[in-house]
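One structure is given here, and the rest of the page talks about it.
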Amino acid sequence: MRLVPGRRATPEALVRLAAFRTRGRAARRRQASYVAYCVLLLTAIYAVPYLAALVDAAAERRWRGPTAERALEAAPAALPALAALALAGAAQLAVWRGPVRLPAAAVHWLLPHPVPRAALLLPRLRLAWLVNGVGGALPGAVVALAAHAAGGRGAAWAATLAGAGGGAAVGLLGAAAAVWTQRHHPWFGRARLRPVLALLAAALLAHACGAWASQGAGWGRAALWSGPWGWAALPWAAATGRVSAVEGACGGALAALAVVGALLVARRAALALPARVLRQQTRVAGMFTAAFYGADPRVARAALSAPRRARRATGRALRVPRARWLLLPWRDLLALLRAPLRAGSGVALWGATLALLAVGHPVAGVAALVTGYLAAAQLVEPARWESENHERGAALPWSRGALALRHALLPGALLLLSSAPLVAFAPLAPAWVPALVGAASVSARRGAMPASVLLGTQTPMGDTGPLQALLWLGRAPLLVLPALAPTSLSGVSTAPAVAWSLAVGAAALAWTRHTRAPRST
Amino acid sequence: METELLRLAGVRHGYGERPVLGDVSLALCAGEAVAVLGANGAGKSTLLRIAAGREEPDAGTATLRGRPADEDDAAFRADVACALAPGAHYPDLTVREHLLLVALAHRVPEAEDRVAEALAEHRLADHAEQFPAALSAGLGQLLSLAATRVRPHTLLILDEPEAHLDAEARAALALRLAATAAEGGAVLLATHDPALAERSGARRLELVDGRLRAAA
């Protein structure tokens, strides 16, 4: 039987889909109710007491003081900067998790068919508006209350209401920016909005710093009138007497118009969202969520960068070395060259380490330990590939322990070579390298966290599960860095400090050799 | 005179510095089936995605009835049925309900009957009330193929439809593809199974070094 195409697909499909899913609706509602109950409970326990204290403080303006006064003077310049930062953040987040998203099943079973896109996407857009509006209003109200507690003028209720309104406006503008980013997605072409918003936020932040330094009222007024991100704060500025009531009303009206315009633009953009963006974002969000629930931040981060990696040019490869012992350092160097941001971060962190060591103060020395570990962690990153999937290293002729030590060669060489010329200023730096690289290698090879780690014991202070998880994730630096810390104390002579550092380094490298990531099932 | 449906003209496409398709041209008419063979990584799936309007080529054009192939065009989606890659399912919908959803999305008259036919054709009748998560890989593939049968289309695009299918299922698939072409539809498939291509009566092309040529 040859089927004749229908003139227009009908939402009847969606009505029937809802009917089919009635079976599971009760279970989904129970789950949603449980989540809502947990959120309300946590809010009641953690947020309500603080909110109550804030309201109390605001009523009596209990936080007054010279610093609070200065902060209030700078607020008219700072609030537009924060708003612009929120817009830039919303646009950035929309790259991988836009506000208009479909579940994976809908992407596969509805998107390829002539189901009206409006029926699929507009409900998601409206939900995003609600979430963003409320999500902006609440912090707006809290900031206004805090400002009032710090000695803000005018009535608390008026300032809070104005703050909530301004926050809601910024939230809705953020939703519109996010949908626009989805519509003109950077993975599939040039996107101009994000860089513009980022520049705007940077400029306004610099402006706010200028306002803080100079304490001139003109700075604030300029920022408040600079665009919708500032208009949203004008009602609050009027309620607290920083601008006239007329300015406040005009600002509020302009902000409302801007929001309406942005929402109309967002609606059009949502209806024209390319299916490939929806598909890709569903895939990335799924991978990220799975990694998040597995408490594996690195895999979560990798999920976000996967679409970019798939499109990046592979570039020219380094020539393969003939010496066998150079093979893994060659492989690691290639990985670092293809992740220039990571390599650059490592170099910058190691530079900070050398600078802090040159200061010669114990506190700077401890800070140098932390930055040194972070630098080593960036450079040891290629070693994680084998711990994530044992099959990757299965074809190589070395044991896992030997592989771990070979992966330490390149980071160790890079850190040693870069610190050797500066040994007169930072004599401990080369001696710390084995320990830092060893600790970073142990962390790199830990693999996915076993679920049993999260099962804690109930104590009067609470469940030990989260603490156990943190200790498991950070066990290498938590053991190695304190062991190195005494060497950074003043009064410790160089030779024993170097000897002790090298001994800690040898122990850390031995730990690396014996660390085994749990096998994934 | 046969009506030309799909035309790929001078299509070039690559990923980063790696070219995949180099100057591919193809015309597919109503009543015709074309099978694209080639080694792994030859670019077959890329070619199908471009034909299905899911990717834009770096150069060249892909048109359906003279209009650009664009999956975001509702008319294109009404005309073209695809089974390209396995996807997610609704965890709380049975096999039958998945197919009904597709049939209703296309306003197929007497959708329940059509779905029942497709279930029988694809040996899914005994699994109609199961959830897709309980299906084997082969049955999941049959579900994807059944989803293309419960809806109207003028062009059917399939990527390795023989994956996970047993010999009997492949033979039945070949017959269905031949019937689709005989009824005036067009079929474009990528396959590793030359016998499937032959039994479905498809014109066989091979993708080698990014170019299409007649298969040996």
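The values are calculated or read from the model by the stated rules, or taken from the named source; none is laboratory data. Remember, it's a predicted structure, so these values are computed and weren't measured experimentally. Methodologically, a virtual Cβ is constructed for each residue, glycine included, from the backbone with ideal geometry; neighbour enumeration extends over all protein chains shown. All accessible areas refer to the heavy atoms of the entire protein, side chains included, with ligands and DNA or RNA removed. Shrake-Rupley method; radii C 1.70, N 1.55, O 1.52, S 1.80 Å.
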Being closer than 30 Å to B:Glu206 by Cα and surrounded by 21 or more Cβ atoms within 10 Å (Cβ to Cβ) narrows it down to one of B:His106, B:His98, B:His122, so name that one. B:His122
Quickly run through segment A:431-490 and pick out the residues that are in contact (Cβ under 8 Å) with a residue 24 or more places away in the chain, over 26 Å from the mean Cα position of the chain (by Cα) and open to solvent by 70 Å² or more (accessible area, probe 1.4 Å). A:Leu479, A:Leu489, A:Ser490
Would you check which residues across segment A:93-110 are in contact (Cβ under 8 Å) with a residue 60 or more places away in the chain, within 11 Å of chain B (Cβ to nearest Cβ) and crowded, with 21+ Cβ neighbours inside 10 Å and list them? A:Val107, A:Leu110
Would you mind telling me which numbered condition in (1) within 14 Å of chain B (Cβ to nearest Cβ); (2) on the phi < 0 side of the Ramachandran plot; (3) surrounded by fewer than 21 Cβ atoms within 10 Å (Cβ to Cβ) A:Gly189 fails? (2)
Inside segment B:23-44, can you point out the residues that are surrounded by fewer than 17 Cβ atoms within 10 Å (Cβ to Cβ), over 17 Å from B:Ala186 (Cα atoms) and either in contact with a Gly (Cβ under 9 Å, 6 or more places away or on another chain) or not aliphatic (A, V, I, L, M) (or both)? B:Asp23, B:Asn40, B:Gly41
Qualifying positions in segment A:237-257 - part of a helix (DSSP H, G or I) and open to solvent by 20 Å² or more (accessible area, probe 1.4 Å): A:Ala238, A:Ala239, A:Ala245, A:Val246, A:Glu247, A:Ala249, A:Cys250, A:Gly252, A:Ala253, A:Leu254, A:Ala256, A:Leu257
Only one of (1) more than 14 Å from chain A (Cβ to nearest Cβ); (2) at pLDDT 90 or above is not met by B:Thr3, so which one is it? (2)
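Within segment A:113-132, which residues are within 14 Å of another protein chain (Cβ to nearest Cβ), open to solvent by 30 Å² or more (accessible area, probe 1.4 Å) and either more than 16 Å from A:Glu12 (Cα to Cα) or part of a loop (DSSP other than H, G, I, E, B) (or both)?
A:Pro116
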Residue satisfying all of: in segment B:148-177; in a helix (DSSP H, G or I), open to solvent by 10 Å² or more (accessible area, probe 1.4 Å) and of a type in the set (A, V, I, L, M, F, W, C); nearest to the other protein chains (Cβ to nearest Cβ) among these: B:Leu175
Note on segment B:178-210: residues open to solvent by 50 Å² or more (accessible area, probe 1.4 Å) and either part of a helix (DSSP H, G or I) or within 14 Å of chain A (Cβ to nearest Cβ) (or both) are B:Ala182, B:Glu183, B:Pro194, B:Glu198, B:Arg199
Flag if A:Glu60 is away from chain B (no Cβ under 14 Å), modelled with pLDDT under 85 and open to solvent by 80 Å² or more (accessible area, probe 1.4 Å): yes
May I ask you to list the residues in segment B:91-108 that are over 17 Å from A:Leu102 (Cα atoms) and more than 7 Å from chain A (Cβ to nearest Cβ)? B:Thr94, B:Val95, B:Arg96, B:Leu99, B:Ala103
Can you go through A:Ala223, A:Ala258, A:Ala238 and tell me which one is under 12 Å from A:Val170 (Cα atoms) and touching a residue at least 40 places away in the same chain (Cβ under 8 Å)? A:Ala258
Return a yes/no flag: does segment A:167-174 have any residue that is in the same structural domain as A:Pro123 (by the TED database), surrounded by fewer than 19 Cβ atoms within 10 Å (Cβ to Cβ) and β-branched (Val, Ile, Thr). no
Which one of these is in contact (Cβ under 8 Å) with a residue 40 or more places away in the chain, closer than 24 Å to A:Leu278 by Cβ and either open to solvent by 40 Å² or more (accessible area, probe 1.4 Å) or within 10 Å of chain A (Cβ to nearest Cβ) (or both): B:Ala81, B:Ala88, B:Ala69, B:Ala74? B:Ala81
Check segment A:31-39 and report whether any residue there is within 14 Å of chain B (Cβ to nearest Cβ), open to solvent by 60 Å² or more (accessible area, probe 1.4 Å) and within 28 Å of the chain's Cα centre (by Cα). yes
Residues satisfying the stated conditions in segment B:118-136, i.e. under 17 Å from B:Ala172 (Cα atoms), in a helix (DSSP H, G or I) and in contact (Cβ under 8 Å) with a residue 12 or more places away in the chain: B:Ala118, B:Leu119, B:Glu121
Number of positions in segment A:12-26 that are of a type in the set (A, V, I, L, M) and open to solvent by 50 Å² or more (accessible area, probe 1.4 Å): 3
